[in-house]
Each structure stands twice: as structure tokens, then as C-alpha cells.
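Have a look at the structure below before the remarks.
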Amino acid sequence: MRVGIVGGGASGLAAALAAARRGAKVTLFERSPQLGRKVLASGGGRCNLGNARLDVERYHGGDAGFVRGVLSRFGLRESRRLFEELGLMLSQEADGRLFPRSSQARSVVGAFELALSRARVAVECACEVSAVRPGARGFAVETSKKGAVEAGERASPTASGKALAGGGAFEFDKVVLSCGGASYPQLGGGDRGYRLARSLGLAVVAPTPSLVPLVSKDPWVRKLQGIRVQAGLAVSAEGRTVAVSKGELLFTAYGLSGPAALDISRETARALSSRPSVDCSVDLFPEFSPSELRGLLRSRLGTLKPAGADDLLIGMLPDRVVEVFLGAHGHGPPQARGARLSPETAWPPGARPPQARAALLSPETALSLAQGLAGWKLAVCGTRSWDEAMVSAGGVELAQVCPETMESKALKGLHVTGELLDVDGDSGGYNLHFAWASGFLAGAACARR
């Protein structure tokens, strides 16, 4: 069985290995100079290759049942077995994220490269697939490999037995489209996979950036640049909540980042496609219900009374967050602590008074802060570019693909995997797991006649 794999990312690596180990003659085409460039960059170079808390609820796209079907066939046990067979040791962090024990993404790509070599997979890097066409006995794959000879590269044999020096057309019984999505164009992302899919009659849901930072022009956000907090986020459009999340939030010069912001970016980008901005609410105490937070502030006011607003919040939030929050909610500028003292006990000349505080609070005013702490409002007007998107939302419509094999229902022998499908997961290793899973299922199916 001659199998052509278009794309050497995570799902392409898994597909090539699964097919070759089952006896297929496999050629892997990758347009970049090296395999697995996005894998190498994942997890900050550590490669967050999965999550022990695997759950279909962590995925989004056209059909949750499709994802459930994939995960039921290639779940956590199967992924661990794959990595063990590759010789990789895994480490698990408190939140369930899985990494290679070496903490180096290079270890993951290197293990795949070694396994592919042992399975006699023909790997063609710096090779662009320009077209895939159904033929009398499968598929014709047209390629170009400009500059290979000039660069001194040695061409390796393809499935047809010919050396791919400058490219050409090659025949395969089956083809796997594992081209990835539009995210990280600097690492090889783009629209070529969608173009190939459309040329073969597959419908594609328009891709949008996902797991991408959010943009806001509200000035108070910029004042908190670089500060991280645990927070809950809720995005709404025209009075309807479109996404919620909870986790670490990073304030930036342009808006919001961190897992809490990234996990709602898919729905936010979709909502922004038809309007200039959406409303976002930041809950600085997501571990408390509104009534619990009011009770906490009431108790603290009783303990600390008399108190200013900054007294009430001391130790609850970073100082800078307290300062900006109070200013944004009409509790500033604060007065100096020394100004509260009588003339007899005023600070002597040259002495430095303690940190400034806001005016003393009444119980009613203190309790009204709870509403702001649980719902600090801002407007989100966009997302960052594809250059900063970790994954693409959208892709080949799932109704056209069999979840057992990743095969097109209309065009037998054509399989689609990974980010090219209309499936995207939350941050934390879920997207890479789906890539391994879909690639493995496709490769295994390709080896069967």
C-alpha cells in the first residue's frame, strides 16, 4: 500500500509512523526545511504533548460526537503507549499537562525522526505539494522542491522509487492531508491545506485564530501590563454570554493574555467577525460566589474598621491591581495616611509617610466593591494576529469525515487529520493530543486494503 502524507507536523508524523509500522510504503512531504516546527515551539519549547485530564468538553468545533469517537479510539492510554514505544519518558504537572521528562520538544521530534527512519519512511523536507488529484489507481500528488540541488540536499527515494530532486508528480493508493492550519505562519502555517481540501471537493469552515491573546483599548488594562492574576472571564455580545473561562490571566500593553484569555478567544473571534467589539467581565475572585465575596468583605471591614478601600483589599490582590481598580471605580486619588493624624502626631519634616490610602469606607460602599471585583468591565475589540495564534478554529467540516479512520466519506482513500479539521482544543496539551490521535487513526487505516 503506497501512502502519501502531506505535512510533517504532529498529525503527519503520527500518521506516517502508524502506516509504515503496518506495512505501508510511506512518503512524508513537508514544505519546511525540518519536521515538526510547531511541535518544537509548543509549550515554550518544552512540548506540552498531552493532558492527563483528557475530556471531550475541552474541545470545540462542528461536532462533539466526532471528537468523542476519536478519543474513544485513541485516548490517554493509547498516547502513553505510543510515547513509550518511541522511548520517551513523560512527566505530569499538577494541572494534568504532560511533557517529555527531558523538558525539550527536540526530544519528541527526534524520537519520531528515529522511528520513521527505522520504519523506512521516505521523508521529503523543503518540498511543496501543489496539488492532489484523484487518479485511476488512487491519487496523483504534484510536488516542487526548488533549490534542493543548489542547496546540496541529497534527495531520498519516494514511494514510486524515484529520487525527488526537483519535484514532480507521484502516485499513491491513499493520501493523508495533515497540512495543519493557518496559525503561526512563521512556522509554516497557512491556507494551503484548506486549498487542497477544497480542490478535492471538501467543504471548509472559514478559519479564525484560536488560543490567541485578546485586544482591548481600555486604558486601565495597559496600566496593569505584566501583572498575572487568577481570574474568571465572561464575554458577551448583545446581552448574550458567548464564552466563559477561569485560570491565569496576564495583562498586557494591548489587552489580555494567559490561559484564561486564550481559552475564550475562539468564541470571541467569531463574535467579533460581525461587530466592532464585545463586552468582557473580569472576576478577580472566581473561587467565591457573589454572596461569598460580599460576606468576606463584610467580615474584613468589621475586623479592620476604620478602613479605607486599600486597607480592605490589602493582601487580597497585587498592590498595583488594587490601585488601578480603586481608581477605575471612583475611589481615588487616595489620601496620605499621615494626613489622618492630628497636628501633634503629624509626620516630622523629611519623614516618609506610609503608603497612601483611599478615604474611609462605609459598610455600604465597601460592599458595593464586591460587584466590581466580580465583574470588572472592559471592551474587547479584536484578537492578535495569526502570528500569535496557537491554533486555528474552523477547517474541514466534520460531517464529511469518518471519525474511526479520518477518511473522507465521499472520496475513498483521502484522509484528513489534525488542525486541518474543524476541531480545536483548550490550551494545555489538548490540541497536540488530537493531532496524535487523528494522525494515528488515519495512518493505521491507510495501511489496510
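Listed values, structure above:
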read-out	value
Positions within the stretch 260-275 being in contact with a Gly (Cβ under 9 Å, 6 or more places away or on another chain) and over 13 Å from residue 210 (Cβ atoms), in sequence order	260
Restricting the stretch 251-260 to residues that are modelled with pLDDT of 95 or more and surrounded by fewer than 20 Cβ atoms within 10 Å (Cβ to Cβ), the residue that is farthest from the chain's Cα centre (by Cα)	253
Condition met for residue 215 (more than 24 Å from residue 392 (Cβ to Cβ) and β-branched (Val, Ile, Thr))	no
Tally, over the stretch 2-40, of residues that are closer than 14 Å to residue 122 by Cβ, surrounded by fewer than 24 Cβ atoms within 10 Å (Cβ to Cβ) and out of contact with any helix residue (DSSP H, G or I) (no Cβ under 7 Å at 6 or more places or on another chain)	2
Any hit, the stretch 373-380, residues being modelled with pLDDT under 85 and touching a helix residue (DSSP H, G or I) at 6+ places or on another chain (Cβ under 9 Å)	no
Residue count for the stretch 41-75, restricted to those that are surrounded by fewer than 17 Cβ atoms within 10 Å (Cβ to Cβ), out of contact with any Gly (no Cβ under 6 Å at 6 or more places or on another chain), in contact (Cβ under 8 Å) with a residue 24 or more places away in the chain and within 21 Å of residue 103 (Cα to Cα)	2
Set 88, 114: member being within 23 Å of residue 187 (Cα to Cα) and either at pLDDT 95 or above or in a strand (DSSP E or B) (or both)	114
Verdict on residue 212 being in a loop (DSSP other than H, G, I, E, B), in contact with a Lys or Arg (Cβ under 9 Å, 6 or more places away or on another chain) and over 30 Å from residue 444 (Cα atoms)	yes
Residue under evaluation residue 239, criteria (1) surrounded by fewer than 18 Cβ atoms within 10 Å (Cβ to Cβ); (2) on the phi > 0 side of the Ramachandran plot; (3) small (Gly, Ala, Ser); (4) modelled with pLDDT of 95 or more, criterion not met	(4)
Among residues of the stretch 179-222, those that are over 24 Å from residue 263 (Cβ atoms) and not assigned by TED's automatic domain parsing to the domain that holds residue 13, counted	1
Elements of type strands (runs of 3 or more DSSP E) in the stretch 381-449, at least 1 residues being more than 23 Å from residue 4 (Cα to Cα)	391-396, 423-425
Yes/no for residue 215 being modelled with pLDDT of 95 or more, crowded, with 22+ Cβ neighbours inside 10 Å and out of contact with any helix residue (DSSP H, G or I) (no Cβ under 7 Å at 6 or more places or on another chain)	no
Qualifying positions in the stretch 415-449 - among the acidic types (Asp, Glu) and within 25 Å of residue 95 (Cβ to Cβ)	419, 424, 426
In the stretch 168-205, residue nearest to the chain's Cα centre (by Cα) [restricted to those that are more than 18 Å from residue 393 (Cα to Cα) and surrounded by 22 or more Cβ atoms within 10 Å (Cβ to Cβ)]	176
Flag for residue 290 being within 30 Å of residue 243 (Cα to Cα), modelled with pLDDT of 55 or more and in contact with a Lys or Arg (Cβ under 7 Å, 6 or more places away or on another chain)	no
Qualifying residue in the stretch 87-95 (condition: small (Gly, Ala, Ser) and touching a Pro at 6+ places or on another chain (Cβ under 8 Å))	yes
Which listed residue is under 17 Å from the mean Cα position of the chain (by Cα) and touching a residue at least 12 places away in the same chain (Cβ under 8 Å), from 229, 215	215
Filter result (within 24 Å of residue 40 (Cβ to Cβ), surrounded by fewer than 19 Cβ atoms within 10 Å (Cβ to Cβ) and either modelled with pLDDT of 95 or more or of a type in the set (A, V, I, L, M, F, W, C) (or both)) within the stretch 91-106	91, 92, 93, 96, 101, 102, 103, 104, 106
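Yes/no per residue for (1) over 23 Å from residue 414 (Cβ atoms); (2) modelled with pLDDT of 95 or more; (3) touching an Asp or Glu at 6+ places or on another chain (Cβ under 9 Å):
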{"site": "7", "(1), (2), (3)": "no, yes, yes"}
{"site": "12", "(1), (2), (3)": "no, yes, yes"}
{"site": "16", "(1), (2), (3)": "no, yes, no"}
{"site": "23", "(1), (2), (3)": "no, yes, no"}
{"site": "29", "(1), (2), (3)": "no, yes, yes"}
{"site": "42", "(1), (2), (3)": "yes, no, no"}
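The values are calculated or read from the model by the stated rules, or taken from the named source; none is laboratory data. Remember, it's a predicted structure, so these values are computed and weren't measured experimentally. Using ideal geometry, Cβ is built from the backbone for each residue, glycine included, and neighbour counts are taken over all protein chains shown.
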